[in-house]
Amino acid sequence: MHENFKRYVECLHPSFERLMEMLPVKVSTLPKDLPDKCVYLFSEGEQTLYVGRTRRLRQRLGQHSTPGARHNHAVFAFRLARETTGRLKADDSVAGSRPSLCADPEFSKAFSRAKSRVRNMDLRYVEETDSLPQALLEIYVSVVLRTKHNDFDTH
């Protein structure tokens, strides 16, 4: 392994351990002194569900969970709604598009419930100010915990 990359890799597990050692909070009970640049983890009980990264943690968490959040911001909730409704795969047709799904009453209701569910999930986060280690840590956490709602497909 190249030394430049190895330096980044060696920092991943200690950051992962700090993330997992954090006592979980809820989106509704975030501390005032929240860091901005973070990797964050949503879970329910022992089940880890989704890891993400951001430059503005408080704003990003709101995008995941506020009732008015749209499909392009509440990506995790959108995935949960897909799972609930059985519409698991993206569809290139107009009828299967994200806006079309959101206009469907059944899906829209599932999406609203999913955003509420996310608001009530356990949340952990660890500060990571540099974007490259942040991206690597997001992938590392997802692989180690096998977060079910992460994928790294391109759009």
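The values are calculated or read from the model by the stated rules, or taken from the named source; none is laboratory data. The model shown is predicted, which means the values in this text are computed figures rather than measured ones. Positions of Cβ are generated from backbone atoms using ideal geometry, with glycine treated the same way; all protein chains shown enter the neighbour counts. Surface areas here come from the heavy atoms of the whole protein model, side chains and all, with no ligands, DNA or RNA. Shrake-Rupley method; radii C 1.70, N 1.55, O 1.52, S 1.80 Å.
Applying the selection to region 51-97, what residues are among the basic types (Lys, Arg) and either open to solvent by 80 Å² or more (accessible area, probe 1.4 Å) or modelled with pLDDT of 85 or more (or both)? Scanning region 51-97 gives 53, 55, 56, 58, 60, 70, 79, 82, 89.
The residue pairs whose first member lies in region 104-123 and is without any contact (Cβ under 8 Å) to a residue 24 or more places away in the chain, whose second member is of a type in the set (D, E, K, R) and surrounded by 16 or more Cβ atoms within 10 Å (Cβ to Cβ), and whose beta carbons are closer than 9 Å, counting only pairs six or more residues apart or on different chains, are 104/87. The set of residues in region 131-155 being free of Cβ contacts under 8 Å to residues at least 24 places away in the same chain, open to solvent by less than 80 Å² (accessible area, probe 1.4 Å) and outside any helix (DSSP H, G or I) consists of 151 alone.
Of the residues that make up region 59-76, is at least one among the aliphatic types (A, V, I, L, M), farther than 24 Å from residue 112 by Cβ and in contact with a Lys or Arg (Cβ under 7 Å, 6 or more places away or on another chain)? Scanning region 59-76 turns up no residue that is among the aliphatic types (A, V, I, L, M), farther than 24 Å from residue 112 by Cβ and in contact with a Lys or Arg (Cβ under 7 Å, 6 or more places away or on another chain).
Could we say that residue 126 is in contact with a helix residue (DSSP H, G or I) (Cβ under 7 Å, 6 or more places away or on another chain), in contact (Cβ under 8 Å) with a residue 12 or more places away in the chain and in a strand (DSSP E or B) here? It is true that residue 126 is in contact with a helix residue (DSSP H, G or I) (Cβ under 7 Å, 6 or more places away or on another chain), in contact (Cβ under 8 Å) with a residue 12 or more places away in the chain and in a strand (DSSP E or B). Here 77, 110 are screened, and the one residue that is part of a helix (DSSP H, G or I), closer than 28 Å to residue 144 by Cα and touching a helix residue (DSSP H, G or I) at 6+ places or on another chain (Cβ under 9 Å) is 77. Going by the conditions given, is residue 112 open to solvent by less than 10 Å² (accessible area, probe 1.4 Å), at pLDDT 85 or above and closer than 28 Å to residue 23 by Cα? In short, no. Residues in region 1-50 that are open to solvent by 50 Å² or more (accessible area, probe 1.4 Å), closer than 21 Å to residue 136 by Cβ and among the polar types (S, T, N, Q): 1 in all. Among the residues of region 40-53, not a single one is of a type in the set (Lys, Arg), closer than 21 Å to residue 12 by Cα and in contact with a Lys or Arg (Cβ under 7 Å, 6 or more places away or on another chain).
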